[in-house]
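Readers should treat all values here as calculations from the given coordinates under stated rules, not as data from a laboratory. Worth saying up front: this structure is predicted, and the values here are computed from it rather than measured. Cβ sites come from the backbone with ideal geometry, for glycine too, and all protein chains shown count toward neighbours.
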Amino acid sequence: MLRLKLPTDPRWVNIAEKNIQEILTDHAFCEQKAASAAISFIVQFPEFPELVDAMTELAKEELEHFQRVHDHLKKRGLSLGWERKDPYVHDLREFFKAKGGASRMTHLINSLMTAAMIEARSCERFKVLSEGIKDPELSEFYADLMRSEAMHYTMFLKFARSLGEGVMDVDAVWEEFLEYEAEVMKRYGTKEFIHG
């Protein structure tokens, strides 16, 4: 369903397990950034009521996910570390920057596709964690979140396709983006970050 071109090496779980505090802190801030991104869609594109409704629900859900991750940290006697940059997301954005100037609608569609890709890779990483992590509670947690990320991925792509009608060939751009993301992922998979 995700159609990602480069799967995560299952051994990445071993890296993640060596520092549960790092992976959970990184994950918590991924959820916070996802909530912030949903709010940004509302602020920047208020003229699309269906998008505003969907992003309102998404912001609430992502903050709830943040709280759940934070609860897992506290349960283990760990504290939330500091937010860090996500170089993977930065690298994804370079794909659209390289295409040059864009209209407001093109920017919206590109942003929706970027969000879809982030959700797709997060979903895939959560699947790897759910299947490989030795902690049964975290395994169940990541299996649950994997399903949410899959729904977010399809929602973002659906909005990109519907709002992109007459603006661009979203499916053609998405195919290029999938190839680009696979190249980006060749540089990742060695750190205890959700996209690292």
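Miscellaneous remarks
- Unmet requirement for Ser148, which otherwise passes all of (1) closer than 23 Å to Ala38 by Cβ; (2) surrounded by 19 or more Cβ atoms within 10 Å (Cβ to Cβ); (3) of a type outside the set (A, V, I, L, M); (4) in contact (Cβ under 8 Å) with a residue 40 or more places away in the chain: (2)
- Some residue of the range 174-190 being β-branched (Val, Ile, Thr), over 19 Å from the mean Cα position of the chain (by Cα) and not in a helix (DSSP H, G or I): no
- Filter pass, Leu138 being part of a helix (DSSP H, G or I), among the hydrophobic types (A, V, I, L, M, F, W, C), under 25 Å from Ile15 (Cβ atoms) and in contact with a helix residue (DSSP H, G or I) (Cβ under 8 Å, 6 or more places away or on another chain): yes
- Unmet requirement for His107, which otherwise passes all of (1) within 23 Å of Lys60 (Cα to Cα); (2) without any contact (Cβ under 8 Å) to a residue 60 or more places away in the chain: (1)
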